[in-house]
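Here's the structure we're looking at; comments come further down.
Every number in this text was worked out from the coordinates using simple rules, so none of it is lab data. What you see is a predicted model; the values in this text were computed from it and never measured. Here the Cβ positions follow ideal geometry from the backbone for every residue, glycine too, while neighbour counts run over all protein chains shown.
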Amino acid sequence: MSIFFDSELVRENLKELEEMQKKLFQGMVYIPFYDDEQKKQHLILMKDFLSKQKLFIFRLSLSDDPEAIETKERLLNSVEILGFDKTQGFDHFFEILENTINGIEKSLDY
C-alpha cells in the first residue's frame, strides 16, 4: 500500500480535483453559449483547479513514497505528450497554463 495515497488529505484532494475536472469538462460544451460573466466564472474555476493541481504536484514531489514518485513521473510523461519539455518540470508547464488563462481573462475584460 502507498503511504502517500493512503493519506485522507490526499484522497480528499484527489476527489476534489476529480469533481472540479468533471465540472470543467461539462462546461466546455456550453462555453460558446455563455455570456461574459459565465465565461469569467468558468475561468475562475480553471484558476482554482490549476492552483489545486499545483499544490497536489508539490505534495507529490515532497513524498519519497515509491507510488508517489512513479505517479509524478507518469504525470511528467503526460506533459511531454502535450508537447512540453518535461526536463523543465511542472513549474514551466503551470506557468504557460496560467499565462493562457490570464490572456483569455484579459480578452473578456475588453
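On the basis of being touching a Leu at 6+ places or on another chain (Cβ under 9 Å), in a helix (DSSP H, G or I), surrounded by 16 or more Cβ atoms within 10 Å (Cβ to Cβ) and aliphatic (A, V, I, L, M), does Leu108 make the cut? For Leu108, the condition - touching a Leu at 6+ places or on another chain (Cβ under 9 Å), in a helix (DSSP H, G or I), surrounded by 16 or more Cβ atoms within 10 Å (Cβ to Cβ) and aliphatic (A, V, I, L, M) - is not met.
Picking from Leu75, Leu97, which residue would you name as being under 21 Å from Glu19 (Cα atoms) and either aromatic (Phe, Trp, Tyr) or out of contact with any Phe, Trp or Tyr (no Cβ under 9 Å at 6 or more places or on another chain) (or both)?
Working: Leu75 fails: either aromatic (Phe, Trp, Tyr) or out of contact with any Phe, Trp or Tyr (no Cβ under 9 Å at 6 or more places or on another chain) (or both).
None of the other options fit; the residue is Leu97.
Picking from residues in segment 63-79 that are among the charged types (D, E, K, R) and either surrounded by 13 or more Cβ atoms within 10 Å (Cβ to Cβ) or under 16 Å from Asn99 (Cα atoms) (or both), the one that is nearest to the chain's Cα centre (by Cα) is Lys72.
When segment 80-95 is filtered for residues that are surrounded by 14 or more Cβ atoms within 10 Å (Cβ to Cβ), within 21 Å of Leu24 (Cβ to Cβ) and free of Cβ contacts under 8 Å to residues at least 24 places away in the same chain, the ones remaining, listed by number, are Phe84, Phe93.
Residue pairs whose Cβ atoms lie under 7 Å apart, separated by 6 or more positions or on different chains, with the first residue in segment 1-22 and in contact (Cβ under 8 Å) with a residue 24 or more places away in the chain and surrounded by 10 or more Cβ atoms within 10 Å (Cβ to Cβ) and the second among the basic types (Lys, Arg) and part of a loop (DSSP other than H, G, I, E, B), do not occur. On inspection, Lys39 passes the criterion of being surrounded by 10 or more Cβ atoms within 10 Å (Cβ to Cβ), under 21 Å from Glu98 (Cβ atoms) and not hydrophobic (A, V, I, L, M, F, W, C).
Can you tell which of Leu55, Leu60 is within 23 Å of Glu19 (Cα to Cα), hydrophobic (A, V, I, L, M, F, W, C) and surrounded by fewer than 17 Cβ atoms within 10 Å (Cβ to Cβ)? Don't jump to the end; show me each part of the working.
On the way: Leu60 fails: surrounded by fewer than 17 Cβ atoms within 10 Å (Cβ to Cβ).
Matching residue, one of Leu55, Leu60: Leu55.
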